[in-house]
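Enquirer: Handing you a structure now.
The values are calculated or read from the model by the stated rules, or taken from the named source; none is laboratory data. Keep in mind that what you see is a predicted model, and the values were worked out from it rather than measured. Using ideal geometry, Cβ is built from the backbone for each residue, glycine included, and neighbour counts are taken over all protein chains shown.
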Amino acid sequence: MTDTALIERAPAEDKPRRVKTAAGAADRVFRYGAHGSGVLVLAIMTLVGLFLAIRGAEAINAAGGRFLTEQDWEPNSGRFGIAAVLFGTIAIALIAIVVALPLALGTATYISEYAPAGIKSFLVGVVDLMAAIPSVVYGLWGFFWLEGNLLPVARWIATNFAWIPIFKVSRFDPQDPLATPTVFTASATLAGLVVAMMVAPIACSVMREVFAQAPVGEREGALALGASKWGMIRSVVYPFGRGGIIGGTMLGLGRALGETIAVYLVISPIFVINWEILSTGTNSISSLIALRYGEASSFELSALMAAGLALFAVTMVVNFAAGIIIQRSRSGESS
Amino acid sequence: MTTTAAPAPVPPGSQPPPFGPPMPSGPVPAPATAPAPAAGPASATARAASGVQRRPINPERYPRTRLPGADAEAGAEAGAGAGAGQGAGRPETRRNLAKLRREDVLRIVGAASAAVALTAWLYTQVLPGRGALSFVLVAYALFLGFFVALVWLDEDRVAVWDRLAGVVIHSAAITLLAALAVVVVFTLARGSEAFTHLNFWTDDMSMAGPLDPLTLGGMAHGAVGTLIMIAFALAISIPLGLACAVFLSEFPSPLARLVRTVVEAMTALPSIICGLFIYATYVLAFGFDKSAFAASLAITIMILPIIVRSADVVLRLVPATLKEAALATGASRWRTVWRVVLPTARSGLTTAIVLGTARGIGETSPVLLTAGYTTYFNFNPFSGPMVSLPFATFTLVKSSEPTQIARGFGAAAVLMAMVFALFWAARRIGGKGAGVLSERGERRARAASARDAQRFASRHLRQAVEDFEDAQAPLQALGGAR
C-alpha cells in the first residue's frame, strides 16, 4: 500500500454498506414482498395520474387552446374552459396566503422566541391540532359565523378603499344609505379567509420547526453584540429559516389550491372572471368538480377530469417547488 | 491492510449462526487469559490501548447496556449542527430570554385603553357604526400608534422597533389562537342543541323528516359509516403503506427513488380528484354501486401517500448502528426489520398512521362523490349508500330547516371530537424520535436489560462453577488415588 492510497482511504465516511450475501427463504420473501408493495403503490399512484391524463386529454383535445382561455363551462355545447375557475382558484389561494402568511409567521415566531417555556408545548399541540380539524368544520364556521361578521367590514372597505382597484365593488353605491349588503356575500374574500384559517397552521408548524433549529451560538452572538430581541430575530432566525418560511408558505398554498368543501360551502359559483374580490361570486376547480360531477355525461366527466388535471398540475408544481426550497435552504438539510 | 469498523453480516445458513469468534481449530484450546502465541506483543498492547480508549467515560450510568434512545439523541444533535461537539458532555441549550417589563405592561394597558376610548368616540360621534370587526381593526391600528408614541417618549429607535415587533408578533399569535377557539366553540355551541339529546347518539334519520324536532332521529348511522369507511381504508393502507415505506428505507435503489418521487407528488393530489377517480372507475366504468367500499378506496388513495411519506421519514431516522448490530448477531434482514427497525420506530409510525387517519376521517370530498347519501343504518359496506359524518354535515347544513342545520352542527361536533381524540392519542404515543423512549418505556427497557444481565451473569456463574468442578475433578481423582 502506498501512502497516497492510505490518505485517500482515511476520510472514508461511515456509510451503510451493501449486503452482498445470499439471502435465506424468509429474506427472499421479505425482499419480494417489500418490492412488490413499492411497485403496487407506484402502480396505483401512476394509474390515478395516467387515468386523469388520458380521460382529461379527450376533453382538452376537443376544446383545443380555448380550454385555457374560455370562461364558460358548457362541455355539451363544446364551449368550456378553465379560465374563470382557474382564476377563482388562484385568487382564493392568494387571498388565503396573504392573510395566512403574517399570521403563521407571527405565531411561529411567538412560539419559538417569545412564548414562556411552560406553554410552548401546549401551543405546539394546539397549532398542530388546528391543522387536523376537518375542513367541513371550517366551512361551517365560514358560512354561519364569518359571513355575517364580514359584511360590515367588506362594506366599510368598499366605501373607503374603493380607489384600490381590487376593493372596488361596482354594484355597490356608497352614497346610497339603503344599499343592500348582499352584494358582499359569498365573495372570494370570504372563501380566502376560510381557507387562510386552514392553511395558517400548516405553514406555521413548518416555520416553527425551522426557527427552533436556528443555532444557539449565533443567537447569543447577536445578543452579545448588542442586538435587541427583534434585531436578533431579524438577523439570525429569519435568515436561517428563510427556506422554512418560503417552503411552509408554498405548502400552505398547495393545500389552499386543492381545498374543496370549505370553499364549496361558502361561495356562490359563477363562470366569469371576477376581479372584485369583495363582491359576490367566485369559483374554484375543486368546487366545480363537486358541483357538476353528479349529472355529468361521459364527456362532461372527461372535461371535469381535464380541469382536475390542471389543478393537479398547479398543485404539484407548487409542492415540488416548496420541497426543493426547503431542502436547498440551510435549515432544511437535515429534513 | 485496513479493515472497516462495521461488522459484516453473517449469512443465515442451515447451521446455527456462530455467536462468538470462530474458535481456532487447533488441538488445544488456548485459555483466554494466556497471550496467544501468534500475536506479537506490539499488537496486543495496541489492542489493549484501543480497548481502553473505547471505554465510556462514566460506565456506571447504566448497568450494562446503553439505551438506544441516548445514542439516537446524540446523533440527531450532532446532525442538526447545533454546535454540540461530538462527545461533549452537555449539548448547548437555549435559555429562555422572555421576560416581562413593568413599563411595557403599563404602556400596553395605556395604549389599549386610549385606542378603545378613541375608537368608541369615533364610532358613536363621528362615524356611524360599522360592525364589530371593523371596530376591532380601527382600534388595533390606533393601539399600535399609541404604543409606538408611548415607547418613543423614553426609548431610542432600536428599542421602539423591538417593542413594536414584539407586540405585533404577540397579536398575530393571539389572533390565530382566538380564531381556533371561535371555530371550536362555535361548532360545539351550535351542535350542542342536537347532541345533548340522547337519541342523537343512538338513532338514525330514517324516522325523522326535516321538519321533525331534534328529539327525533340522530346521527349514529353517520358515525357507524365513518368508522366502517376508515376501517376499510386503514385495512388497505396501513400494511401497504408500511411495506412501501420499509421498501423505500431498506432497499435504496433507483426504483425506490422513483417511488418516493411519485409518492411525494401524489401528496399534492387534491382530495376531490381521489373521489373523482374512484367515481369514474369503480362506479361508472366497472358499474358497481356507490358504496362505503368505494368511499374507502377513495380515502385510501388520499391517505396512502401521506402515510408512506411520513413513515418513510420516521424509518430513515432509525440509527444504522442498531440495524448493523442486529445483522452482526446473525439476524436475517427480515428479522432485523421486524425485531429492530419497526419496534424502534413504533411511536413515529403510530403517529404517521393516526395523523393519516385524522385526515381521512375528516375529509368530505372523496366520500361526497363515492358513498351516496342515506338516512338509515347500513352495515353492509359493499352495497347501498352509506353516509359519513362529514358528508352528513355537508348535506344537512345545505338545508334551510333550522333543525337540520342543528343536526349538521351536531355531526360536525362529534366528528371534531373524534379527530381530537385521535390527535390526543397521537400526541400521547408519538411525537418522539426513533428509539426515544417514554419514561415508562425506559423503565421497561432498563428492567429488560437488567434481566438479561442477570441471566448472562447466572449463566457465567454456572459456567464458572462447572469449569471449577471440571478442574477439581482430576485433583480429587488424584487425591482419591493417593
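Enquirer: Tell me whether segment B:154-165 contains one or more residues that are among the small types (Gly, Ala, Ser) and closer than 28 Å to A:Ala203 by Cα.
Expert: Step one: of segment B:154-165, the residues among the small types (Gly, Ala, Ser) are B:159, B:165.
If we keep only those that are closer than 28 Å to A:Ala203 by Cα as well, we get B:165.
Yes, segment B:154-165 contains a residue that is among the small types (Gly, Ala, Ser) and closer than 28 Å to A:Ala203 by Cα.
Enquirer: Residues in segment A:37-46: is at least one more than 7 Å from every other protein chain (Cβ to nearest Cβ), of a type outside the set (Phe, Trp, Tyr) and closer than 30 Å to A:Arg79 by Cα?
Expert: Checking segment A:37-46: not a single residue is more than 7 Å from every other protein chain (Cβ to nearest Cβ), of a type outside the set (Phe, Trp, Tyr) and closer than 30 Å to A:Arg79 by Cα.
Enquirer: Only one residue in B:Phe186, B:Phe232, B:Phe147, B:Phe200 is aromatic (Phe, Trp, Tyr), modelled with pLDDT under 90, crowded, with 16+ Cβ neighbours inside 10 Å and in a helix (DSSP H, G or I). Which one? Spell out how you get there, then give the answer.
Expert: Working: B:Phe186 fails: modelled with pLDDT under 90; B:Phe232 fails: modelled with pLDDT under 90; B:Phe147 fails: modelled with pLDDT under 90.
After applying the criteria, what remains is B:Phe200.
Enquirer: Something else about it: Restricting to segment B:259-283, name every residue that is more than 7 Å from every other protein chain (Cβ to nearest Cβ) and of a type outside the set (Ser, Thr, Tyr).
Expert: Residues satisfying the conditions are B:Arg260, B:Cys274, B:Gly275, B:Ile278, B:Val283.
Enquirer: Quick one: which helices (runs of 4 or more DSSP H) lie wholly within segment B:269-349 and hold at least 3 residues that are within 23 Å of the chain's Cα centre (by Cα) and under 30 Å from A:Tyr264 (Cβ atoms)? Walk me through it before giving the result.
Expert: Numbers: elements: B:271-278, B:292-316, B:320-328, B:333-336.
It comes to B:292-316.
Enquirer: While we're looking at this one, here's another question. Examine segment B:210-222 for a residue that is under 23 Å from B:Arg359 (Cβ atoms) and more than 13 Å from every other protein chain (Cβ to nearest Cβ), and state whether such a residue exists. Write out each step before concluding.
Expert: Going residue by residue through segment B:210-222, those that are under 23 Å from B:Arg359 (Cβ atoms) are B:219, B:221-222.
From the residues that got through so far, the ones that are more than 13 Å from every other protein chain (Cβ to nearest Cβ) too are B:219, B:221.
Checked segment B:210-222: at least one residue is under 23 Å from B:Arg359 (Cβ atoms) and more than 13 Å from every other protein chain (Cβ to nearest Cβ).
Enquirer: Assuming A:Phe161 fulfils every condition listed in (1) farther than 16 Å from B:Leu176 by Cβ; (2) surrounded by 18 or more Cβ atoms within 10 Å (Cβ to Cβ); (3) touching a helix residue (DSSP H, G or I) at 6+ places or on another chain (Cβ under 7 Å) apart from one, which condition is it?
Expert: (2) is the only condition that A:Phe161 fails.
Enquirer: Consider A:Gly247 carefully, then state whether it is more than 9 Å from chain B (Cβ to nearest Cβ), more than 19 Å from the chain's Cα centre (by Cα) and over 24 Å from B:Ala285 (Cα atoms).
Expert: Details: more than 9 Å from chain B (Cβ to nearest Cβ): yes; more than 19 Å from the chain's Cα centre (by Cα): no; over 24 Å from B:Ala285 (Cα atoms): yes.
When the stated conditions are applied, A:Gly247 does not pass them.
Enquirer: Also, quick follow-up: If you check B:Gly479, B:Gly441, B:Gly408, which single one turns out to be part of a helix (DSSP H, G or I), free of Cβ contacts under 8 Å to residues at least 24 places away in the same chain and in contact with a Leu (Cβ under 7 Å, 6 or more places away or on another chain)? Spell out how you get there, then give the answer.
Expert: Values: B:Gly479 fails: in contact with a Leu (Cβ under 7 Å, 6 or more places away or on another chain); B:Gly441 fails: in contact with a Leu (Cβ under 7 Å, 6 or more places away or on another chain).
When all the criteria are applied, what remains is B:Gly408.
Enquirer: Would you be able to say whether some residue in segment B:256-268 is modelled with pLDDT under 90, in a loop (DSSP other than H, G, I, E, B) and out of contact with any Leu (no Cβ under 7 Å at 6 or more places or on another chain)?
Expert: Yes; the residues of segment B:256-268 include at least one that is modelled with pLDDT under 90, in a loop (DSSP other than H, G, I, E, B) and out of contact with any Leu (no Cβ under 7 Å at 6 or more places or on another chain).
Enquirer: Within the bounds of segment B:272-286, is there any residue that is buried (at least 24 other Cβ atoms within 10 Å of the Cβ), out of contact with any Pro (no Cβ under 8 Å at 6 or more places or on another chain) and closer than 24 Å to B:Arg346 by Cα?
Expert: To start, the set of residues in segment B:272-286 that are buried (at least 24 other Cβ atoms within 10 Å of the Cβ) comprises B:272-279.
With out of contact with any Pro (no Cβ under 8 Å at 6 or more places or on another chain) added as a condition, the list becomes B:273, B:276-277, B:279.
Keeping just the survivors that are closer than 24 Å to B:Arg346 by Cα gives none.
Checked segment B:272-286: no residue is buried (at least 24 other Cβ atoms within 10 Å of the Cβ), out of contact with any Pro (no Cβ under 8 Å at 6 or more places or on another chain) and closer than 24 Å to B:Arg346 by Cα.
Enquirer: Hey, another quick one. Answer yes if at least one residue in segment A:96-108 is without any contact (Cβ under 8 Å) to a residue 12 or more places away in the chain, crowded, with 19+ Cβ neighbours inside 10 Å and facing chain B (nearest Cβ under 7 Å), and no otherwise.
Expert: yes
Enquirer: Please determine, by comparing only the residues of segment A:217-228 that are surrounded by fewer than 21 Cβ atoms within 10 Å (Cβ to Cβ) and part of a helix (DSSP H, G or I), which one is nearest to the other protein chains (Cβ to nearest Cβ). So that I can check it myself, show each step before the final result.
Expert: Pass one, segment A:217-228, residues surrounded by fewer than 21 Cβ atoms within 10 Å (Cβ to Cβ): A:217-218, A:220-228.
So of that shortlist, the ones also part of a helix (DSSP H, G or I) come out as A:217-218, A:220-224.
Working: A:Gly217: 5, A:Glu218: 9, A:Glu220: 8, A:Gly221: 11, A:Ala222: 12, A:Leu223: 7, A:Ala224: 12 Å.
Top of the filtered list is A:Gly217.
Enquirer: Oh, and also: Look through segment B:244-255, keep the residues that are of a type outside the set (A, V, I, L, M) and either at the interface with another protein chain (Cβ under 7 Å from one of its Cβ atoms) or in a helix (DSSP H, G or I) (or both), and return whichever of them is nearest to A:Gly258 (Cα to Cα).
Expert: Start the filter on segment B:244-255 by keeping residues that are of a type outside the set (A, V, I, L, M), which leaves B:244, B:247, B:249-254.
Now restrict to residues that are either at the interface with another protein chain (Cβ under 7 Å from one of its Cβ atoms) or in a helix (DSSP H, G or I) (or both): B:244, B:247, B:249-251, B:254.
Numbers: B:Cys244: 26, B:Phe247: 29, B:Ser249: 29, B:Glu250: 33, B:Phe251: 33, B:Pro254: 30 Å.
Applying the filter and picking the extreme gives B:Cys244.
Enquirer: So which residues in segment B:401-415 are within 9 Å of chain A (Cβ to nearest Cβ) and in contact with a Pro (Cβ under 7 Å, 6 or more places away or on another chain), if there are any at all?
Expert: B:Leu415
Enquirer: Can you pull out every residue in segment B:150-161 that is in contact with a Phe, Trp or Tyr (Cβ under 9 Å, 6 or more places away or on another chain) and crowded, with 20+ Cβ neighbours inside 10 Å?
Expert: Once the filter is applied, which keeps residues that are in contact with a Phe, Trp or Tyr (Cβ under 9 Å, 6 or more places away or on another chain) and crowded, with 20+ Cβ neighbours inside 10 Å, segment B:150-161 yields nothing.
Enquirer: Next question, about the same structure. Among the residues of segment A:267-276, is there at least one that is crowded, with 22+ Cβ neighbours inside 10 Å and assigned to a helix (DSSP H, G or I)?
Expert: No, because not a single residue in segment A:267-276 is crowded, with 22+ Cβ neighbours inside 10 Å and assigned to a helix (DSSP H, G or I).
Enquirer: Considering segment A:262-306 alone, what residues qualify as being within 21 Å of B:Ala268 (Cα to Cα) and away from chain B (no Cβ under 13 Å)?
Expert: A:Asn283
Enquirer: Tell me the residue from A:Ala322, A:Ala290, A:Ala256, A:Ala307 that is modelled with pLDDT under 85, buried (at least 19 other Cβ atoms within 10 Å of the Cβ) and within 25 Å of B:Val263 (Cα to Cα), please. Explain how you work it out, then say what you get.
Expert: On the way: A:Ala290 fails: modelled with pLDDT under 85; A:Ala256 fails: modelled with pLDDT under 85; A:Ala307 fails: modelled with pLDDT under 85.
Exactly one residue qualifies, and that residue is A:Ala322.
Enquirer: Scan A:Asn61, A:Asn76 and give me the residue that is in a helix (DSSP H, G or I) and touching an Asp or Glu at 6+ places or on another chain (Cβ under 7 Å).
Expert: On the way: A:Asn61 fails: touching an Asp or Glu at 6+ places or on another chain (Cβ under 7 Å).
Only one candidate passes the filter, namely A:Asn76.
Enquirer: Turning to a different aspect of this structure: Name every residue in segment B:85-109 that is modelled with pLDDT of 90 or more and surrounded by 14 or more Cβ atoms within 10 Å (Cβ to Cβ), in order of residue number.
Expert: Within segment B:85-109, B:Arg107, B:Ile108 qualify.
Enquirer: Okay, next question. Within the group A:Thr89, A:Thr69, which residue is buried (at least 22 other Cβ atoms within 10 Å of the Cβ) and either without any contact (Cβ under 8 Å) to a residue 12 or more places away in the chain or not aromatic (Phe, Trp, Tyr) (or both)? Show your work before the answer.
Expert: Details: A:Thr69 fails: buried (at least 22 other Cβ atoms within 10 Å of the Cβ).
One residue alone meets the criteria, A:Thr89.
Enquirer: Check A:Val195 against each of (1) farther than 21 Å from A:Ala313 by Cα; (2) surrounded by 24 or more Cβ atoms within 10 Å (Cβ to Cβ); (3) among the β-branched types (Val, Ile, Thr); (4) away from chain B (no Cβ under 11 Å) and name the one condition it does not meet.
Expert: Unmet for A:Val195, out of (1) farther than 21 Å from A:Ala313 by Cα; (2) surrounded by 24 or more Cβ atoms within 10 Å (Cβ to Cβ); (3) among the β-branched types (Val, Ile, Thr); (4) away from chain B (no Cβ under 11 Å): (1).
Enquirer: Hey, another quick one. Do you know which residues across segment B:138-175 are facing chain A (nearest Cβ under 9 Å), farther than 23 Å from A:Trp156 by Cα and not β-branched (Val, Ile, Thr)?
Expert: B:Ala159, B:Trp161, B:Asp162, B:Arg163, B:Leu164, B:Ala165, B:Gly166, B:His170, B:Ala173
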